[in-house]
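Trainee: I have a structure here, written as structure tokens, and I will follow up with some questions on it.
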Amino acid sequence: MATNAGAGGQSQSSGVLDLAADMARRYVRDVAEQRVAPSEPAMAALAELHEPFPPSPSDPNDVIERLDRIGSAATMGTTGGRYFGFVIGGMVPAAMAANWLAGAWNQNASLRVMSPIAAELEEVVLRWVCEALGLPPECAGGLVTCATMANFTALVAARQALLAGAGWDVATDGMFGAPTIEVIAGEEVHASMLKALSLAGFGRKRVTIVEADNQGRMRADKLPHLLERTIVCIQAGNVNTGAFDPAGEICKAAREQGAWVHVDGAFGLWARISPKYDDLTQGFELADSWATDAHKWPNAGYDSGLVLVRDGVALRASMGIKAAYLEPSSRREPMHHTPEASRRARGVELWATLKSLGRSGLCALIERTCAHAQRFAQGLREAGFEVLNDVVINQVLVSFGRPEVTQEVIRRVQEDGTCWCGGTVWQGKTAMRISVSSWATTEVDVERSLQAIVRIASECRRM
């Protein structure tokens with residue numbers, strides 16, 4: 001069935017939106033009680049999607065009905081309260097509603113002239129994030145897809161600034177023959193940081209690795225002598241343990257030599273909103289650039305990464321675009337602060353998230369999910385299992401004994417469907433990783449999930 005132009009087309013569009021809204025409301029209503037991982041029949045039904053490219057148009061209602069029938073059943077229940085894998089946050093109600101509105105707007109956030117609302121919201125949320133996290137108010141920044149891209153953007157800005165200090169314009173002359181930049185990272189550096197370093201031309205093998213302690217924190221006393229053209233990559237929230245590098249000591253050493261400190265704070269940086277975690281997060285404000293995700297702890301929904309850079313000139317010099325049809329502007333233009341030009345208006349959902357939560361609401365979300373993690377750790381210890389990390393924020397690592405036993409527990413927990421937790425290897429020991437990141441997680445969700453994990457682990461241990 002071909003789509004109609006004009007008033008008829010608009011009427012058809014309204015009808016399919018009503019249909020989709022009804023389906024979305026049903027999904028949100030039911031996700032809390034459904035199994036977290038898809039069932040085997042739901043996974044098998046995905047095969048129906050593999051068909052030849054349609055030779056003619058389809059009725060939009062039929063398209064959406066098919067998408068809901070096959071797709072909704074094959075999702076992971078990340079918007080519910082019992083998903084504890086991969087540090088994936090939920091989506092607060094205002095963010096979800098704003099996402100629907102942003103989809104209807106379909107704005108291109110490249111330039112102010114393309115979308116005044118998108119440009120304005122970006123300015124607002126970047127300032128709010130700096131205020132919330134206690135970062136320098138003069139920071140420039142941008143909204144990107146994820147922390148990987150935020151890390152990349154910050155590293156490119158660091159490269160621009162450090163080489164400019166040596167009289168080299170990397171944006172014009174490239175990297176061939178450029179002065180050397182040293183890169184330092186901790187032993188437990190996240191894989192996405194290594195990917196970003198590779199994309200930025202630094203290479204993974206050229207990174208100087210600093211010894212970490214048993215929680216994954218970079219040992220400041222093991223830092224090599226820092227040169228002026230050095231980038232030191234530190235972590236706010238290790239992805240396994242939640243641990244924080246000693247930012248104050250590292251930033252002090254870097255400043256003495258004029259080195260650049262970059263913070264990979266994909267989720268942990270948001271702990272700065274709570275005074276309870278001051279002892280963990282002090283010193284990170286002294287860095288030169290920061291990468292984080294709003295689709296993790298703030299629960300703004302996908303995708304929502306942020307990069308913030310103290311040296312706004314370096315960020316704009318490395319990311320700016322010039323073309324005859326792009327008129328200069330005296331105001332901030334989004335496309336000159338990120339690798340992407342055309343992109344969706346991510347600031348819409350992020351603004352709605354931060355506006356709806358406010359400082360106290362965001363602080364409560366962080367503290368509540370951290371308390372849930374403590375309850376998981378307590379319950380697992382009481383059941384006789386080994387918690388491998390100091391549970392300082394929302395990450396819990398637990399071993400159920402021999403590697404094959406732990407792997408079997410993870411497999412059965414995922415198959416059971418009550419909750420979903422992933423596996424990892426922490427300093428040579430196989431573990432289940434529990435990451436509590438969703439606003440929707442309740443005490444009931446935690447107890448229900450804890451009971452399922454302990455039951456399954458006890459069965460595996462008896463075997």
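Trainee: Determine the shape class of the range 208-248: with a ≥ b ≥ c the square roots of the Cα gyration tensor eigenvalues, call it rounded for a/c under 1.5, and otherwise prolate if a/b is greater than b/c, oblate otherwise. Present the calculation step by step, with values, prior to reporting the outcome.
Mentor: Details: a/c = 2.42, a/b = 1.83, b/c = 1.32.
Taking the square roots of the gyration eigenvalues as a ≥ b ≥ c, the range 208-248 is prolate.
Trainee: Another one. Would you grab the residues whose amide H sits under 5 Å from the one on VAL183? Only those 5+ places off in sequence or on another chain, please, with H modelled 1.01 Å from N.
Mentor: THR208, ILE231
Trainee: Using a 1.4 angstrom probe on the protein heavy atoms only, could you order HIS295, HIS50 from most to least accessible area?
Mentor: Putting HIS295, HIS50 in descending order of accessible area: HIS50, HIS295.
Trainee: Provide the per-residue ³J(HN,Hα) series for the range 326-342, in order, calculated from phi with Karplus coefficients 6.51, -1.76, 1.60 and θ = phi - 60°, each as a whole number of Hz, with x at glycine and proline positions.
Mentor: 9, 6, x, 9, 7, 9, 4, 10, x, 5, 8, 10, 9, x, 7, 9, 5
Trainee: While we're looking at this one, here's another question. Averaged per residue, what accessible area in Å² does the chain show with a 1.4 Å probe, protein chains only?
Mentor: 45
Trainee: Membrane-span-like helices in the chain: DSSP H runs reaching 15 Å or more (Cα, own axis), mean Kyte hydropathy at least -0.5?
Mentor: Those that pass (Cα extent of 15 Å or more, hydropathy at least -0.5) are 6-30, 93-105, 116-133, 147-165, 347-382, 443-462.
Trainee: Going 7 Å from the Cα of ALA24 in the Cα-to-Cβ direction, what parts of the range 343-385 have a backbone nitrogen less than 16 Å from that spot?
Mentor: 345-353
Trainee: Which residues' amide hydrogens lie under 5 Å from the amide hydrogen of THR145, considering only partners 5 or more residues apart or on another chain, with H built in the peptide plane?
Mentor: GLY305
Trainee: Which Cα, out of GLY77, MET43, GLY89, lies furthest along the positive dipole direction of the range 22-91 (beta carbon charges, K/R +1, D/E -1)?
Mentor: Checked the options; the winner is GLY89.
Trainee: Report in % the part of the accessible area of the chain that belongs to carbon and sulfur, leaving out ligands and nucleic acids; probe 1.4 Å.
Mentor: Of all accessible area on the chain, carbon and sulfur atoms account for 54 percent.
Trainee: What figure in square angstrom, to the nearest 10, would you give for the accessible area of MET114 with a 1.4 Å probe?
Mentor: Approximately 90 Å² of MET114 is accessible to the 1.4 Å probe.
Trainee: Follow-up. For a 27 Å ceiling on Cα separation, which of these pairs sit above it: LYS276/LYS296; LYS296/LYS322; LYS222/LYS429; LYS195/LYS296; LYS195/LYS222; LYS322/LYS355?
Mentor: Among LYS276/LYS296; LYS296/LYS322; LYS222/LYS429; LYS195/LYS296; LYS195/LYS222; LYS322/LYS355, the Cα-Cα distance tops 27 Å for LYS296/LYS322; LYS322/LYS355.
Trainee: In percent, how large is the relative contact order of the range 125-251, given Cα pairs closer than 8 Å and 6 or more residues apart?
Mentor: 22
Trainee: Then there's this: First check a/c for the range 75-196, with a ≥ b ≥ c the square roots of the eigenvalues of its C-alpha gyration tensor; if it is under 1.5, answer rounded, and if not, answer prolate when a/b is larger than b/c or oblate otherwise.
Mentor: It comes out oblate by the Cα gyration axes.
Trainee: Can you put GLU447, GLU131 in order of accessible area, largest first, using a 1.4 Å probe? Could the numbers behind the result be given before it?
Mentor: Working: GLU447 65, GLU131 100 Å².
Sorted descending by solvent-accessible area, the residues read GLU131, GLU447.
Trainee: With all protein chains present, calculate the accessible area of TYR302 using a 1.4 Å probe and round the result to the nearest 10 Å².
Mentor: Answer for TYR302: close to 120 Å² accessible.
Trainee: Testing the spin-label approximation: label points 7 Å from Cα along Cα→Cβ at TYR325 and ALA253. State their distance in nm.
Mentor: 5.1
Trainee: In addition: What residues have an amide H closer than 5 Å to that of ASN389, excluding those fewer than 5 places away on the same chain, when H is modeled at 1.01 Å from N in the peptide plane?
Mentor: Distant-sequence amide H within range of ASN389: LEU397.
Trainee: To the nearest 10 square angstrom, how much accessible area does LYS195 have with a 1.4 angstrom probe?
Mentor: Taking all protein chains as shown, LYS195 has close to 100 Å².
Trainee: Between ILE64, GLY216, ALA166, whose Cα lies farthest towards the positive end of the dipole of the chain when Lys and Arg beta carbons carry +1 and Asp and Glu beta carbons carry -1, centred on the Cα centre?
Mentor: It is GLY216, whose Cα lies furthest towards the positive end.
Trainee: Calculate the dipole size of the chain relative to its Cα centre from +1 charges on Lys and Arg beta carbons and -1 charges on Asp and Glu beta carbons; express the result in debye to the nearest 20.
Mentor: In debye, rounded to 20, the chain gives about 300.
Trainee: Among GLY268, THR406, TYR27, flag the residue with its Cα farthest along the positive direction of the charge dipole of the chain, charges on Cβ as +1 for Lys/Arg and -1 for Asp/Glu.
Mentor: Result: THR406.
Trainee: Quick one: compute the contact order of the range 288-367, relative version, from alpha carbon pairs under 8 angstrom and 6+ residues apart, as a percent.
Mentor: 30
Trainee: Further, regarding this structure: What is the distance, in nm, between label points placed 7 Å from the Cα along the Cα-to-Cβ direction at PHE53 and at GLU65?
Mentor: My value for the distance between the label points is 2.7 nm.
Trainee: Of SER458, SER356, which has the most accessible area and how do the rest follow, probe 1.4 Å?
Mentor: On the way: SER458 25, SER356 65 Å².
Largest to smallest exposure gives the sequence SER356, SER458.
Trainee: If you don't mind, another one. With the contact rule set at Cα under 8 Å and sequence spacing of 6 or more, what percent relative contact order holds for the chain?
Mentor: Relative contact order, the chain: 21 percent.
Trainee: Treat each spin label as a single point 7 Å out from the Cα along the C-beta direction, and report the ARG368 to SER342 distance in nm.
Mentor: So the two model labels end up 4.0 nm from each other.
Trainee: Right, here's the next one. Between THR424 and LEU227, what FRET efficiency comes out of the Förster formula 1/(1 + (r/R0)^6) with R0 = 45 Å and r the beta carbon distance, rounded to 0.05?
Mentor: With a Förster radius of 45 Å, E is 0.85.
Trainee: About its Cα centre, how strong a charge dipole does the range 42-169 have in debye, to the nearest 20, once Lys and Arg get +1 and Asp and Glu get -1 at the Cβ?
Mentor: 320
The values are calculated or read from the model by the stated rules, or taken from the named source; none is laboratory data. In this text the structure is predicted, and so the values were computed from the model without any measurement. All Cβ positions, even for glycine, are placed from backbone atoms using ideal geometry, and neighbour counts span all protein chains on display. Side chains are part of the model used for accessible areas, which takes the heavy atoms of the whole protein and leaves out ligands, DNA and RNA. Shrake-Rupley method; radii C 1.70, N 1.55, O 1.52, S 1.80 Å.
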